[in-house]
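Here the structure is laid out as structure tokens; the discussion comes afterwards.
Throughout, read-outs are computed from the coordinates displayed, never taken from laboratory work. Just so we're clear, the structure is a prediction, and the values are computed from it rather than from any experiment. Please note: Cβ atoms are built from the backbone with ideal geometry, for glycine as well, and neighbour counts cover all protein chains shown.
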Amino acid sequence: MFPLRILQRDVKSEVEQIAGILEPCAVTGTLAYLPALTARGFQAAPAGPADAMVLMSEIGGLIGNDSIRAALTAAHARLRPGGILVFDVLDGESVLTASLPLRGLVEEASLLCGHSSDVRTGEQVYELNLRTWRLMGEQVVSQTAETRLIRYFLPRELRLLLSVCGFTQLGAEPFTDPALAWFRLVSASRT
């Protein structure tokens, strides 16, 4: 998702939680997670309807309700009846009540990272602004800037979106990794 090593998510702890929700089965979804899941006994990318689908770091990047419904409807079509959808979302209650810093600076060897953020309640979006500087000695050799919009969801809204798209929410668990405190691992069953 992010081009920075310091901001990349460690999928190992997430895969352990996903494997705790799902029994080994035929699974499809986010490519970055499939090798770790197959190592735990899952069959990746089945030809027909899947028993489970894992969509990590995907739903939150869809801002509008129409695109979210389209993604959930597409997942519904790929799953067998009773199949399980597992995905992560930014938890609205955590975002709206958090006291985490909205600005920061991290220095790591030859990489300097800065961030600022804003909660845009009218759009239900968390705006993350990132800047990085790659250093060689005291010289800046490259720099990047990017803005990410991440949709956050309140529990009732999430249940409604899932229901409209043919799913029943089974759970929304916090991640065990403290760096993901604002995110929830959601599981839902295809009806």
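Work out the charge dipole of the chain with +1 on the Cβ of Lys and Arg and -1 on the Cβ of Asp and Glu about the Cα centre, then indicate which of G61, Q17, S117 is farthest towards its positive end.
G61
Once every DSSP H run of n ≥ 4 in the chain is given -39500 (n - 2.57) and the sum is divided by its residues, what mean residue ellipticity at 222 nm do you get, rounded to the nearest 500 deg cm²/dmol? Please report the intermediate quantities before stating the final value.
Working: 5 runs with 46 residues, N = 191.
Computed mean residue ellipticity for the chain: -7000 deg cm²/dmol.
Apply the Karplus curve 6.51 cos²θ - 1.76 cosθ + 1.60, θ = phi - 60°, to the phi angles in segment 144-158 and return the couplings in whole Hz, x for Gly and Pro.
Those phi angles translate into 9, 9, 8, 10, 10, 9, 10, 6, 10, 10, 8, x, 5, 4, 5 Hz.
Taking Cα pairs under 8 Å and at least six residues apart, what relative contact order does the chain come out at, in percent? Please report the intermediate quantities before stating the final value.
On the way: 348 pairs, mean separation 37.9, N = 191.
Taking the mean separation of contacting Cα pairs over the length of the chain, I get 20 percent.
In debye to the nearest 20, how big a dipole does the chain give about its Cα centre with +1 on each Lys and Arg Cβ and -1 on each Asp and Glu Cβ?
So the magnitude is around 400 debye.
In whole angstrom, note down how far apart the Cα centers of segment 23-55 and segment 115-179 are.
Taking the Cα centre of each part, segment 23-55 and segment 115-179 sit 24 Å apart.
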